[in-house]
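So the structure is just underneath, and the comments pick up after that.
The values are calculated or read from the model by the stated rules, or taken from the named source; none is laboratory data. Owing to the predicted nature of the structure, the values given are computational and were not obtained by experimental measurement. Counting neighbours? That spans all protein chains shown, and the Cβs are built from the backbone with ideal geometry, glycine included. In case anyone asks, the SASA skips ligands and DNA or RNA and just uses the protein heavy atoms, side chains included. Shrake-Rupley method; radii C 1.70, N 1.55, O 1.52, S 1.80 Å.
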Amino acid sequence: MNLVLLICVILFSGFEAEALSYDYSASVDCLAHPQKPLYNGGIIQNPELNNGLQGWTAFGGAIIEHRESLGNKYVVAHSRNQIEDSVSQKIYLKKDMHYALSAWIQVSGESVPVTAVVKTTTTSKFAGIVSAESNCWSMLKGGLTADTSGPAELYFESNSTSADILIDNVSLQPFTDEEWRSHQTQSIEKARKRKVLIRAVDEQGKPLRNATISLKQNRLGFPFGSAISGDILNNTLYQNWITSRFTVTTFSNEMKWYSTENTRGSEYYAVADAMLQFAKQHNIAVRGHNIFWDDPKYQPSWVPSLPTNELNDAVERRVTSVVSRYRGQLIAWDVVNENLHFSFFEDKLGQTFSAKMFNEAHRIDAQVPLYLNEYNTIEDRRDGTSAPSKYIQKLRQIQSYPGNGGLPFGIGLEAHFPAVGLNLPYMRASIDTLAATGYPVWITEIDVENQPKQTQVFEIVLREAHAHPKVRGIVMWTAPSPQGCYRTCLVDKNFKNLPAGNVVDKLINEWSSGKLSGTTDQNGLLEASLLHGDYEVKITHPLKKNYTFTQKVEVTPTDDFKNTKKFVQLFMK
């Protein structure tokens, strides 16, 4: 008798939590009419301003008015003399609750940043920021976690006191920590897993009951890894620790300009070449980091003193050299690093420098996504320089350069979390906003600054990043070296796990399906929910006691959640 195993991979609609689902939607367009408030406004009174100014009051010295335009009602704060002069609503916060905030903002005059602030009896908490424009509505999406219970006031401020601030369709939705974690579970079920339906039949197509099906995941589908340094090349312990865990990496320094051309005209790629070869041998994908770094502190020592024409020649040689050398071997290029915070090359070569480099990198290595890599976009609410709306503005500036419209852009978020209060709702909302561009989002350098609860915060932000449905991969900035790691250390000098390393191993275990087995029912069926990845599937049956048939199956993600099927047919002779 021949046994036939039909494997049907079916994508279901996913896990449905009893708690109110989180709304991951966002808008990055400036619209003639604002969209409806999320969660019907949550705890906000009169969120759509349909009942005049009910629930809304002036904040500071502003004058507020209820207005209507094209059938849309809103509130405007004008005659502002102080930054905080605005419109507000009194609310009540509950300790440890996560509050998801959204609002639609417009200003008079030129585009200016508008910040949402929640003021309690003891402090003021940042809740979000957007670059608002005139004559159209921009979505501000953010949030906060309450430190204490008590009365508070939500208001909107701008450093430009000459700008009127228009507010509409505001929402503030509270979630318990349990509900917040349920969102993560729900998202993982939908975005990171697929339902696998296995059916065993005989050669006549009749179902085989009591067939034992075993599944072993050999490789994670979700890209997760750590940066590495050149020290890995001569350290077996280092090599074993990395290769037994991760599927993606970034070189800390070895591909950067100051490493490959420390002396003008003398290129040195030996270490980067060897590291790339090592990664290939162990099936570890590599992100190209980086072509240029806009921070003046991190240029090759001979670069800052170059005359403009010689600098231009040098950067042309650099982009051609490094991209050509590694063409087709990387999964990404960080084209210009930290381009919102610094402008070394723009100041010397013109404001189109970054856009031009994206264009040239694509011309040389056309299949690889090109990333704008930045910090403080999701992690540090105090830094408005690289807020999501500012990031998107820069991305659009690069896109507008002739020939750049169709380039495969990517969003690179360094995620170096500081030693200040963690704002998970802001992190999630910021990723929502950036993902609304439609470009792939990667967490490229995640770590946490030293603090009393460093390890706990590290786990929290890793979980949040992994669970977000639009995050395509995570690289931790945790490369071990003889000088020590950057901020978050996973191992000691003997490559024994430190507490953060234990967290990483725990999460890898959770984010993999491991070994699963079951027995087919009377219809020859076995169902399993599997995380994406590569699996080894084995089938045994009482009629073939001494024989096991093995087949490899890949469970892949897809954006189509409606009855997508994948069939694999196996024969046992």
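Observations on the structure shown:
- Whether the chain is rounded, prolate or oblate, judged on the alpha carbon gyration tensor where a/c under 1.5 counts as rounded: oblate
- Annotation for Ala19 and Thr161: the two label points, set 7 Å from Cα along the Cα-Cβ direction, are 4.3 nm apart.
- Rounded percent of accessible protein surface that carbon and sulfur make up, the stretch 363-454, 1.4 Å probe: 48
- Qualifying lysines (Cα of each under 18 Å from Cα of Lys390; at least 8 residues distant if same chain): Lys141
- Number of Lys pairs (Cα under 30 Å; 8 or more positions apart or on different chains) in the stretch 391-516: 11
- Just the protein heavy atoms count here, and of the accessible area of the stretch 213-277 at 1.4 Å, carbon and sulfur take up 44 percent.
- Label-point separation, Thr236 to Ala32 (7 Å along Cα→Cβ), nm: 7.1
- Simple spin-label estimate for Asp383 and Leu197 gives 4.9 nm between the two label positions (7 Å along the Cα-to-Cβ direction from each Cα).
- Computed over the stretch 438-512: relative contact order in percent, which uses C-alpha pairs under 8 Å that are six or more apart: 30
- Per-pair calculated FRET efficiency, R0 = 56 Å: Asn51 and His282 via Cβ, rounded to 0.05: 0.35
- In the context of the full set of protein chains, residues of the stretch 167-212 present 40 Å² of accessible surface per residue (probe radius 1.4 Å, heavy atoms only).
- Ordering 69-76, 121-128 by mean Cβ neighbour count within 10 Å, with the highest value first, yields 121-128, 69-76.
- DSSP bridge orientation in the chain - percent antiparallel, rounded to nearest 5: 75
- Segment Asn502..Ser517, full-extension length gain: 2.7 nm, with 0.36 nm per residue of separation and the alpha-carbon distance subtracted.
- Rounded accessible area per residue of the stretch 398-535, 1.4 Å, Å²: 38
- Apportionment of accessible area to carbon and sulfur, the stretch 31-79, percent (1.4 Å): 46
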